[in-house]
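One structure is given here, and the rest of the page talks about it.
Any read-out appearing in this document is the output of simple, stated calculations on the displayed coordinates, not a laboratory observation. Since this is a predicted model, take the numbers as computed values, not measurements. Positions of Cβ are generated from backbone atoms using ideal geometry, with glycine treated the same way; all protein chains shown enter the neighbour counts.
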Protein chains: 2
Amino acid sequence: MINARAIEGLPEVHPGDDLAALLAEHTEAGQVVVIAHKVVSKAEGRIRALAGIEPGAEAEALAAKLGKDPRHVQAVLDESLEIVRDERVLICRTRHGFVCANAGVDQSNAPADSVILLPADPDASARALRAALPGRPAVVIADSFGRAWRLGQCDVAIGIAGLAPVDDWHGRVDRSGRRLHATAIAIADEAAAAADLARAGKDAGEPVVIVSGLERFVTDEDGPGAAALVRGRDDDLFL
Amino acid sequence: MINARAIEGLPEVHPGDDLAALLAEHTEAGQVVVIAHKVVSKAEGRIRALAGIEPGAEAEALAAKLGKDPRHVQAVLDESLEIVRDERVLICRTRHGFVCANAGVDQSNAPADSVILLPADPDASARALRAALPGRPAVVIADSFGRAWRLGQCDVAIGIAGLAPVDDWHGRVDRSGRRLHATAIAIADEAAAAADLARAGKDAGEPVVIVSGLERFVTDEDGPGAAALVRGRDDDLFL
């Protein structure tokens, strides 16, 4: 049995705010605290004013093609290792290795005339938050990613501390004793998805969700983090 | 707040079994009943004995390349519209339009020397089950799919009745009054993911999970089903 419950009444977060202090009364050992990346990014000051961005030639060309603000596009390029696709939406491989729209650079719920970036090192952000929270619950930093081949976005884990990213069943057997060949359950991504359902909505101001019932996946060590979920290009079965 | 709870003590399911009768005492209105596709496939007799499959030339060639049983590969081809990739694992577009490994054809938890297929029409299976369950809860039929770019599998909805596949925020506004451009939350996939976490494990024999707390997404009409989640090839932002 699992349970996911949004923390109500959190204040708007600003650069420099102490997230651990805001959450301290709500957490305990064994839980998974799932937090929307925007709150982490805001607390860490990962916000860029559009007025301070000078778009280069590539940004100008892509902006013209897509009908976007070239300064926003420049911010996307600055966060990207690679542009995977530039039809209608920029699909980017971020510096962390994640593949998502606009490298996670987003204007919604951002201060006016600015964009919010993904945390520079979301696993480090998760580890720091975990260390500061009572009970050392697992921490998952989540963002909504689109998917190849399926419509709609699901929340996934972009930063993880203290939760197994994947529950790997390679080599274990099914109920008939037959070996399971390729079952590795993306626990942290599923926890992010479950947490998203517990929010009233993207505009409800409920960025933090407590998931209980996953104690068996919560580890004493912080573990490999969401970096362990990134498929290398050569390893990608789907490309 | 959402809650996901596996139904304990369900018997092994065989072709011809009445799933609604097995589940009737557990369901009520407003819930989402998430059921692993294998149970539905077994009840519907979507099982093929390998001994009865005559592999063709394409199956023989792919089987030799991948080190697989050519009869299994033939079963995969029979369920596929298209082979998307054939390195190490067959990534297929199924006749329903889903893109997944082996077109969902699987030996684990299958009867000996046989393979289990996806339901022929999982949305129809979901609708039929819903109609027969007390309270007409929403029904989601789930399978574990790998993802492009991310390691591990997440459960997703391959059949849906009575649940919004996507909660579409296009045109709505964020908390600052700024229009949200591309937020369409894949509710049914997130429900499938949450349900997967509530199972003790892939071998625990807990194929059915009751999710509560999603009443606002449960609809009186059965709705468009998981077919609405399939991105057309030309619409795919990620390819």
>> To the nearest 20 Debye, how big is the dipole of the stretch A:47-117 about its Cα centre, given +1 on the beta carbon of each Lys and Arg and -1 on that of each Asp and Glu?
In response: 160
> Give or take rounding to whole Å, what are the principal axis extents of the alpha carbon atoms in chain A, in descending order?
Replying inline: 58, 44, 29
> Using +1 on the beta carbon of Lys and Arg, -1 on that of Asp and Glu, and nothing else charged, what's the dipole of the stretch A:11-98 about the Cα centre, debye to 20?
Replying inline: 340
>> Using only the alpha-carbon atoms of the stretch B:47-117 as identical scatterers, what base-10 log of I(q)/I(0) does the Debye formula give at q = 0.17, 0.25 Å⁻¹?
In response: -0.53, -1.15
> So what's the angle, to the nearest 10 degrees on a 0 to 90 scale, between helix B:187-198 and the longest Cα principal axis of chain B?
Replying inline: 70
>> Debye calculation, C-alpha points only, no solvent: report log10 I(q)/I(0) for the protein assembly as shown at q = 0.09, 0.11, 0.14 Å⁻¹, in the same order as the q values.
In response: -0.59, -0.89, -1.40
>> Show me the ranking of peptides B:131-139, B:154-162 by mean Cβ neighbours inside 10 Å, starting with the highest.
In response: B:154-162, B:131-139
> Per residue of B:139-150, what is the mean number of Cβ atoms on other protein chains within 10 angstrom of that residue's Cβ?
Replying inline: 6
> Nearest 20 debye, what's the magnitude of the dipole of the protein assembly as shown about its Cα centre given +1 on Lys and Arg Cβ and -1 on Asp and Glu Cβ?
Replying inline: 320
>> Contact order normalised by length for the stretch A:47-117, with contacts defined as Cα pairs under 8 Å and 6 or more residues apart; what percent is it?
In response: 30
>> Suppose each label sits 7 Å from its Cα in the direction of the beta carbon; what would the B:E8-A:E54 distance come out to in nanometres?
In response: 6.7
>> If packing is taken as the average number of other Cβ atoms within 10 Å across a peptide's residues, how do B:95-108, B:211-224 rank, most packed first?
In response: B:95-108, B:211-224
> Pairs of lysine in the protein assembly as shown with Cα under 25 Å and at least 8 positions apart or on different chains: total?
Replying inline: 10
>> Taking beta carbons within 10 Å but only from partner chains, what does the mean come to for residues A:222-232?
In response: 2
> How large is the Kirkwood hydrodynamic radius of the stretch A:1-120, in angstrom, based on all distinct alpha carbon pairs?
Replying inline: 15.9
> In degrees from 0 to 90, rounded to the nearest 10, what is the angle of the helix A:122-132 Cα long axis to the longest principal axis of chain A?
Replying inline: 50
> For A:80-86, what's the mean count of beta carbons from other chains sitting within 10 Å of each residue's beta carbon?
Replying inline: 1
